[in-house]
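Report on one structure; see the data block that follows.
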Amino acid sequence: MGPDFVAFETHPSGRPHRTVGVETNQRRSSPPHGTRPADDGSPDLSELLGRVARGDRDAFAQVYERLSGPVYGLALRVVRDPAQAEEIAQDVLVEIWRKASHYRPDRGSAISWALTVAHRRAVDRVRSAQADRDREQRATAPAPDYDQVAEEAGTRLEHQQVRRCLRGLTERQRESITLAYYGGYTYREVAELLGIGLTAVKTRMRDGLIRLRDCLGVQP
Amino acid sequence: MSHDPHHLAGAYALDALTGTERRRFERHLPGCPTCADETSGLRETATRLALAAARRPPDALRDRVLAEITRTRQAPPPLPRRLPSPRAARGLSRLAAAACLVLALTGGGIAVHLHDRAGRAQALDRQVGVVLTAPDAHASTIHAQGTATVTVVSSRALNRAVVTTARLRRLPAAKTYQMWWLGPAAPRSAGTLDPRGTSKPVITTGLGDARTFGITIEPTGGSPAPTGPPVLTIPLA
């Protein structure tokens, strides 16, 4: 605490002293889901990627355990075809091995970096495929029944929380976000599908994500 | 057509841009801390949509992937690009920050291009423009109260700063936000802000040798000295 703050500290107040630094520390103390070390003391994903970048295959096996479910599931959600989803997941996981040295912790969480690679790969696949006619159906089709696929409890919780927060959006916001993210549409295509203007669709995506971010308690 | 990058943060985070649009947006990010922070938060949010879709892959995938990496050479780390001279870099980042702020100030109603100085100047109050384009202008943006953003562009040479606030909490009646110049001497008032939490750009003078800019909550009309802890502080260049 520098001398600049002394003047404030001399004024009694019931509220905790809030500064930018304190807020930043609070953010850092709660890393985004999927990156925090497990209870058994295993290293976090960011650290594992650092080891993978130096050619550590054991570290990569641990990265595989953490990422294969989200990468495969996301690909499946976008392309809706198990064989293609598996192919994409394989490409993406090998890509993570190959490009682990490109991960920059100051640019976001490791899980976000990895799943961005996965999402872009899946989206490229559906955009290049002549599957346009099916995409809207895919995006709006009900999600798989998670009670039937004995998934880990963590995934079920995550799924429920995201579903609850999606319900808190306006219908237009929810449609715009799910068509884009799970359907792989560009915002121009979403605007066309929903019969709304480009500015409106951009605004709905941004406002919807902001609302979702706040509902999920995501910290940048 | 409007290229206002601020409105594209959501579409970008959802990978809903074409390749060209994505690259254009990514070129904009380094000069715009506000957009970079927002984009990062929205990207992490999109990641939650991905995690919610997690499914156990077929067991055979593991063997194939672990076999393939033994045959796959790893890419070397990317090396930093050759940087322009420090002087040029400072000028560029100042211009980019100013352009970014201008975009924020105009609320996206006007498409302002980074290189369109004339358009930018017209879109702004002249005095604000003078501060933003001062040779020693320095921009800082910080976040507080969750989603609030405060940007200060200060110029020691002009002894003034331009302040914008967005999404600070709306204050109850009889309260206002007050700005302060802090350190090395006692806090000096830099004027009050809209108690609704979002204000048009404000010009404030008397920067002097202050080291930090701060905002407190005070009774309407302001106080001669801060009566509570700062809502936020921003170190000055």
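Take A:Glu171, A:Glu87 and sort them by solvent-accessible surface of the protein heavy atoms, 1.4 Å probe, largest at the top. The partial results should precede the final answer.
On the way: A:Glu171 120, A:Glu87 95 Å².
Most to least solvent-accessible, the answer reads A:Glu171, A:Glu87.
Taking 0.36 nm per residue of separation and subtracting the Cα-Cα distance, what length does fully extending A:Ser46 through A:Ala129 add?
Working: separation 83, 0.36 × 83 = 29.88 nm, distance 3.33 nm.
Additional length available on full extension: 26.5 nm.
Students often get this wrong: which residues of region B:194-232 have the backbone nitrogen under 12 Å from the point 7 angstrom along Cα-to-C-beta of B:Asn159?
Only B:205-209 pass the distance filter.
For a quick check of understanding: with a 1.4 angstrom probe and all protein chains in place, what accessible area in square angstrom does A:Trp97 have, to the nearest ten?
Estimated to the nearest 10 Å², A:Trp97 gives 10 Å².
For B:Lys200, give me every one of the lysines with a C-alpha distance below 19 angstrom, ignoring sequence neighbours fewer than eight places off in its own chain.
The reachable lysines, counting only those whose Cα sits under 19 Å from B:Lys200, are B:Lys175.
When all protein chains stay in place, what accessible area (Å², nearest 10, 1.4 Å probe) is found for A:Arg211?
110 Å²
Taking the simple approach of a point 7 Å from Cα along Cα-to-Cβ for both A:Asp58 and B:Ala174, what is their distance in nm?
For the pair A:Asp58/B:Ala174, the computed spacing is 6.7 nm.
Mind checking the mean number of beta-carbon atoms from other chains within 10 Å of the Cβ atoms in B:57-65? Working shown, then result.
On the way: counts 15, 7, 0, 2, 10, 6, 0, 5, 12.
What the average comes to for B:57-65 is 6.
Which distance in Å, rounded to a whole number, links the C-alpha centroids of region B:1-59 and region A:160-201?
Their Cα centres are 14 Å away from one another.
I'd like the accessible area for B:Ile203: 1.4 Å probe, protein heavy atoms, all chains in place, Å² to the nearest 10.
Spelled out: B:Ile203, probe radius 1.4 Å, area about 50 Å².
Once you have a ≥ b ≥ c as the square roots of the Cα gyration tensor eigenvalues for region B:1-69, tell me rounded if a/c is under 1.5, and otherwise prolate or oblate according to whether a/b is larger than b/c. Don't skip to the answer; put the middle values down first.
Working: a/c = 2.86, a/b = 2.31, b/c = 1.24.
Prolate shape, in that a/c is at least 1.5 and a/b is the bigger ratio.
For region A:62-70, what does the Karplus curve 6.51 cos²θ - 1.76 cosθ + 1.60, with θ = phi - 60°, yield as ³J(HN,Hα) per residue in whole Hz, taken in order and with x for Gly and Pro?
5, 4, 4, 4, 6, 9, 4, x, x
Suppose R0 equals 35 Å; then what is the FRET efficiency for A:Arg164 and A:His102 from their Cβ-Cβ distance, rounded to the nearest 0.05? Present the calculation step by step, with values, prior to reporting the outcome.
On the way: r = 35 Å, r/R0 = 0.99.
The pair A:Arg164/A:His102 has a calculated efficiency of 0.50.
By how many nm would the segment from B:Ala67 to B:Ala166 lengthen if fully extended, with 0.36 nm per residue of separation less the alpha-carbon distance? Don't skip to the end; give the middle numbers.
Working: separation 99, 0.36 × 99 = 35.64 nm, distance 5.19 nm.
30.5 nm is the gain from fully extending B:Ala67 to B:Ala166.
Once the Cβ-Cβ distance between B:Thr205 and B:Thr227 is put in as r, and R0 is 35 Å, what FRET efficiency do you end up with, to the nearest 0.05?
0.95
The values are calculated or read from the model by the stated rules, or taken from the named source; none is laboratory data. Computed from a predicted model, the values in this text were never measured in an experiment. Counting neighbours? That spans all protein chains shown, and the Cβs are built from the backbone with ideal geometry, glycine included. These accessible areas exclude ligands, DNA and RNA; they are computed on the full protein's heavy atoms, side chains included. Shrake-Rupley method; radii C 1.70, N 1.55, O 1.52, S 1.80 Å.
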